[in-house]
Structures are given as C-alpha cells and as structure tokens.
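Chemist: Right, I'll just put the structure down here and ask away after.
The values are calculated or read from the model by the stated rules, or taken from the named source; none is laboratory data. All of these numbers come straight from a predicted model, not from anything done at the bench. FYI the Cβ positions are ideal-geometry reconstructions off the backbone, even for glycines, and counts take in every protein chain you see.
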Amino acid sequence: MGTTLFLGSALAFSIVLLIVFFKKKRVKSIENTIFAFTAIVNLVALIIELTLQIIVLKTPISEFQTSGLIDYWARLYLVIMIMWFTIFTIYTVEISFTHNLKINTIIFSTIFVISSILAFSLPINKYNNGIIMYTYGPATDVLKAIGIISMLFWLICLFANFKEIKNKKYYPVIFITIFLLISSIIQIYRPEILLITVIGTLTTYIMYFTIENPDLRLINELNIAKDQADKANMAKTEFLSNMSHEIRTPLNAIMGFGSILMEHKDLSDEVKEDINNIISASDNLLEIVNGILDISKIEANKLEIIDSEYEPKQIFNDLVKMSEVKLDAMNKPIKFKYFFDETIPPVLYGDHGRVKQIILNLLTNAIKYTNKGWIEFKVSCINKSNVTRLIISVEDTGIGIKEDKINKLFNKFERLEVEKNTTVEGTGLGLAITKKLVELMNGKIVVQSKFGEGSKFSVSLDQRIVKDKEELEKTNVIELDNIEFNGKKVLVVDDNIVNLKVAGRLLEKYKVDITESSSGKDALEKIKSDKFDLILLDDMMPGMSGTETLIEMKKDKSFKTPVIALTANAINGMKEKYLSAGFDDYIPKPIDRLELEKKLEKFLGGN
Ligand code: ADP
C-alpha cells in the first residue's frame with residue numbers, strides 16, 4: 001500500500017510537470033523534444049507500475065503465478081523502462097558529443113527494439129508473498145543489463161566531458177547515475193524495493209530545470225524593443241545622411257564660389273586671406289559632416305569595407321604631400337620625416353580609401369598636436385605568401401598624452417586637455433572612427449605616448465598582395481594648368497539652382513559650351529534635340545533621380561555620351577555604387593576644382 005501511495009505522488013508530480021511544460025511556450029530545440037519524450041515515457045511507466053500494483057492487489061495469491069495479465073503487464077513495464085533508459089541515453093549523447101539526433105536515434109532505437117523483444121519473449125519469474133511482489137529471471141535481467149550498459153555509457157560521457165561537468169546540463173546525468181547505483185545496491189539486498197520509476201521522475205524534474213527554456217514572452221518583448229531601437233537607429237542614420245546631404249548643398253556653393261573668387265586676378269592680399277579662411281572653414285565643416293556620417297554608419301553597422309586593387313606607394317606619397325601642404329599652411333617649424341619600405345608589394349588589394357582615411361587622421365592629429373620638433377611617418381611590411389602586413393606608424397614630438405587618458409582616446413567626442421588646446425580645431429571623432437575602421441579591417445592600432453614629449457600611433461593592417469598585375473591606372477594628382485576644351489558641349493543636370501550656378505561658374509574657365517537642366521525629365525528632352533560630349537548628372541533629384549534618368553538615357557542604344565554622377569551623397573563606397581549603376585565616373589559635392597579638371601581631362605581631353 002505504501003509503494004502505491006509513493007507511486008501515486010510521483011504520478012501527480014509527473015502530471016503537473018508535463019502540464020507546466022506543455023502550457024508554456026517553448027523554443028524548438030532537440031533538448032526540448034527529448035525532454036518531452038522522457039517526461040511522457042516516465043508518466044506512462046508510472047501508470048503501468050501503479051496499475052500493476054492494483055492488479056496484483058486484486059488478484060488472489062493462488063492465481064498470481066498463472067495470471068497472464070500480470071505477466072503481460074510486468075513485461076510492459078520492463079519495456080517502457082528500457083525505453084526510458086534509451087531516451088535518456090540519447091539525451092546524454094546529444095549534450096556530450098554529437099548533434100546528430102537522427103543517427104543516435106536509429107542506433108539506440110535498434111538496441112531498444114531488440115531488448116524489448118527479449119523482455120517480451122524470455123521467461124519471467126514472479127514473487128509474491130501477499131505483502132511484497134517483484135519479478136526476476138531472464139526478462140527482468142534484460143532491463144538490468146540495459147540499466148548497467150546505460151549507466152556505463154553515461155559515465156563515459158561524463159568522463160569525456162569532465163571539463164564541462166559543471167555545466168548544469170549534466171546535473172540530471174550525475175544525479176541519475178548516483179541514485180541508480182545506490183538503488184541497485186539496495187535492490188541486491190531488498191529486491192522488492194523498486195525505485196527506478198521514482199528516480200526517473202526526479203531526474204525528469206531536474207532535467208526540466210536544466211534544459212534551456214528561455215521565457216518566450218520575454219524574448220518576444222525584447223525582440224519588439226530591439227526592432228524599435230533598430231528603427232530609431234535607422235531613422236537617425238537616415239536623418240544624418242539627409243542632413244549631410246543638405247549641409248553639403250550650401251557648402252558646395254560656398255566652396256565653389258570661394259574657389260572661383262580666388263581665381264580673380266586683382267584681389268588684394270587681405271581679400272585673398274579672407275577667402276582662404278572661408279574655404280578652410282568650409283573644409284573643416286565638410287570634415288565634421290563626413291565624420292558624423294561615418295560614426296553613424298559605423299554604429300548602424302552599415303559601414304562597408306570596399307576592397308579593390310591599389311598602389312600603396314602612390315597612396316602614401318599622396319598622404320605625405322597632403323601633410324606637407326598642411327604643415328606649410330600652419331607655418332609650423334616641424335621636420336617631416338618619411339620612410340617607405342621598398343619591399344612593400346607594388347599592388348595590393350584592400351579598401352585604399354579607408355586606409356588613406358586612417359593614416360590621414362593620424363597624420364592630421366600629429367600635425368595639430370605638435371608645435372616643434374619632428375613628425376615621422378613610417379611604413380614597413382611583413383610579407384607572407386599572398387598577404388602583406390602593413391605596419392604604419394606616425395610618431396611626433398608633440399604635446400603627448402597623459403597615461404591615465406590614453407584609454408579614453410578612442411571614445412567618440414572625447415577630446416583631451418581641451419582647456420590647453422582651445423586653438424586646435426577638432427570634434428573628437430577622428431580617433432573613434434580610426435579605431436573602428438582598423439577593427440573593421442581586422443587590423444590593430446596601438447598608442448605609446450609620454451606627456452610633454454610626444455606620441456606614437458602604430459597601425460597594422462593585413463592586405464592581400466596582387467601579383468602579375470599590369471600597372472594600374474594612374475590617379476596621381478596632376479596639375480593641369482590652363483586647360484581648355486573649346487566647343488565641347490557639357491550638359492549639367494541639377495534640381496538646385498545654386499548648384500547649377502556653381503557648376504556653371506566652375507566650368508566657365510574651360511571654355512566649354514554649357515547647357516543647364518533642372519530635372520531628369522528635362523535632361524531627357526535635351527539629349528533628344530542636342531548632342532553632348534559630357535553629362536554631369538546630379539543623383540538626388542525630386543521626381544526622377546539621376547540614376548533613373550541614366551537608365552532612361554541608356555534605353556536608346558545609340559546613346560554613348562559619358563555621364564558623370566554628381567552627388568552630395570558623398571559617403572565611401574558611393575563611387576563603386578555609381579559605377580555599377582552604369583555611370584562613367586563620379587564627382588562628390590562640394591566639387592573640388594582639381595577633381596573636376598581630372599574628370600574633364602579624362603572625358604573631354606585630347607584637345
Ligand atoms: P580631434 O578631432 O579632437 O583631434 P581625435 O579623436 O582625432 O579628435 O583625437 C582625440 C583627442 O586625442 C584629441 O582631442 C587630442 O587631445 C588627443 N590626441 C590625438 N592625437 C594626438 C597626438 N598625436 N598628440 C597628442 N594628443 C593627441
């Protein structure tokens with residue numbers, strides 16, 4: 001009677017557990033599936049054991065040995081327990097070794113089927129003295145054998161994953177191994193005390209609390225919150241990108257007219273200096289806009305590294321030239337030292353725009369934060385089969401950085417010693433962007449600095465070596481003086497009147513025949529009635545964008561005029577985007593005079 005009560009309670013617990021498990025939303029996982037099977041099989045085992053007890057109680061002792069029902073029911077119990085061991089072994093193997101549920105199930109199910117047949121066909125002996133009852137003999141031995149083999153299997157799994165033994169997934173395995181050992185010892189002396197099903201129930205409970213079953217409602221809420229945050233972030237990125245576009249448009253006018261004004265012959269030195277200040281302030285503003293755009297793209301994980309072939313020597317030479325111009329403009333008595341390792345392969349594959357941006361940030365900082373002494377720009381490399389590790393360092397004898405401030409250096413908007421550097425312009429974005437870019441390119445950046453003595457920033461970047469390559473198209477800054485393209489017809493398309501004016505005034509110098517158009521539709525009309533040598537086409541236009549206009553233009557197979565995309569959407573990767581959209585080239589706004597000249601020479605040159 002006591003055993004029946006014991007089993008009854010286990011049954012109640014099992015039912016509660018199953019209700020809780022199936023009522024709660026679950027993640028779909030192998031462990032959850034196995035758990036569901038274990039719990040159900042355990043419940044069935046409890047029901048069979050309980051009914052067996054009741055049947056035995058109702059059967060007169062004289063009929064006990066001959067009762068076919070008891071015989072059948074006892075064998076059924078053996079089979080369901082073998083099934084429980086099988087499923088729990090599959091679970092243990094699954095968390096220990098493989099994640100190949102199908103194969104495991106096939107192997108262990110075969111063992112299960114064979115042992116079940118044996119349990120049903122081998123002789124079974126029963127013992128009942130009216131108070132205690134148990135079975136023994138060959139059929140029962142099959143269950144015992146499966147129990148021992150399973151336990152050995154679990155022990156192997158535990159030892160093989162000894163390091164992971166603290167993983168809570170192993171708790172049920174450890175529990176059942178220990179308790180089965182104890183109950184087996186008890187069984188030897190008191191065969192009537194049957195504990196397996198109760199141990200099974202407890203193990204199932206422990207399993208329930210150890211399988212990963214996150215609260216799906218919470219996950220759902222988190223996902224909604226994440227979606228909202230993502231949307232807000234996207235809105236922010238879009239806003240920044242629009243803002244950058246909007247700021248660029250007036251900047252284009254300021255810089256464009258500034259450079260046009262500078263070309264006037266009869267300017268006094270004072271006026272020239274004022275115009276220079278306007279241009280340099282616009283340059284700074286442009287740098288800030290670019291920085292904000294970069295940081296927002298980085299934060300939205302939208303910054304892409306666009307690799308292509310490039311000549312490193314040319315990139316570094318450009319950087320040296322740019323630094324020297326900056327030093328000259330700032331009138332600082334600083335010696336600029338440059339070392340270029342000639343073993344650097346001539347052609348590399350990587351994002352040269354970003355490589356340039358990283359180094360330019362470091363060089364600009366060195367120039368900004370150094371007042372005397374020298375700046376050393378060094379590029380060396382380690383070549384390894386088809387990869388070269390570029391080791392770039394920029395060292396200065398500038399103001400240096402305090403030790404406790406070094407770790408703040410790469411935080412965005414973080415500027416050090418602001419009180420002392422009030423005259424030095426900056427946003428505190430440069431190094432934050434630099435670090436992110438280096439990381440995006442799987443590189444490393446380190447800083448060594450001594451306050452008051454100087455700093456050294458070192459970057460290492462792996463770039464692929466391009467072998468057997470014909471020389472790439474030279475993109476050196478070529479100084480073109482007084483070039484003219486008499487009579488060449490250029491169509492400029494831009495919805496913004498001021499921008500049209502800027503482009504017109506910038507082009508005037510080259511004696512081209514300019515036609516202005518303020519929409520894609522109008523431009524399409526114009527190319528029908530006139531033949532142009534070059535088209536400068538703004539992309540962001542209301543109604544029909546530049547890209548859409550180009551597609552329309554190209555529908556006419558005889559259309560061969562080169563088209564350059566003109567856009568204030570000047571973020572990195574845009575050039576590639578426009579080239580793949582079918583444009584022949586790309587000029588970012590604000591239009592740079594030299595850039596414009598290069599493109600004119602490329603498409604209208606020869607005269
Ligand atoms: P900023 O626009 O202010 O130059 P950065 O992110 O490029 O922003 O640099 C962050 C801060 O790190 C700077 O404000 C400056 O205090 C410090 N810093 C950067 N480079 C140097 C350097 N070469 N020498 C001394 N201080 C530097």
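Chemist: Only one residue in 418, 438 is within 11 Å of the ligand (Cβ to nearest atom) and either assigned to a loop (DSSP other than H, G, I, E, B) or modelled with pLDDT of 85 or more (or both), so which one is that?
Modeler: Numbers: 438 fails: within 11 Å of the ligand (Cβ to nearest atom).
Sole residue among the options that is within 11 Å of the ligand (Cβ to nearest atom) and either assigned to a loop (DSSP other than H, G, I, E, B) or modelled with pLDDT of 85 or more (or both): 418.
Chemist: Still on this structure, I have one more. When you go through 87, 95, 107, 34 one by one, which is the residue that is at pLDDT below 85, hydrophobic (A, V, I, L, M, F, W, C) and under 41 Å from the mean Cα position of the chain (by Cα)?
Modeler: The conditions single out 95.
Residues checked against (1) assigned to a helix (DSSP H, G or I); (2) under 39 Å from the mean Cα position of the chain (by Cα); (3) closer than 12 Å to residue 582 by Cα:
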site: 522; (1), (2), (3): yes, no, no
site: 525; (1), (2), (3): yes, no, no
site: 536; (1), (2), (3): no, yes, no
site: 544; (1), (2), (3): no, yes, no
site: 552; (1), (2), (3): yes, yes, yes
site: 559; (1), (2), (3): no, no, no
site: 565; (1), (2), (3): no, yes, yes
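Chemist: Is there any pair with a first residue in the stretch 346-363 that is under 14 Å from residue 457 (Cα atoms) and more than 16 Å from the ligand (Cβ to nearest atom) and a second that is at pLDDT below 90 and aromatic (Phe, Trp, Tyr) whose Cβ atoms are under 7 Å apart and which are 6 or more apart or on different chains, and what are they?
Modeler: none
Chemist: What are the pairs with Cβ atoms under 6 angstrom where one residue, in the stretch 504-531, is without any contact (Cβ under 8 Å) to a residue 24 or more places away in the chain and the other, located anywhere, is assigned to a helix (DSSP H, G or I) and among the basic types (Lys, Arg)? Sequence gap at least six, or different chains.
Modeler: none
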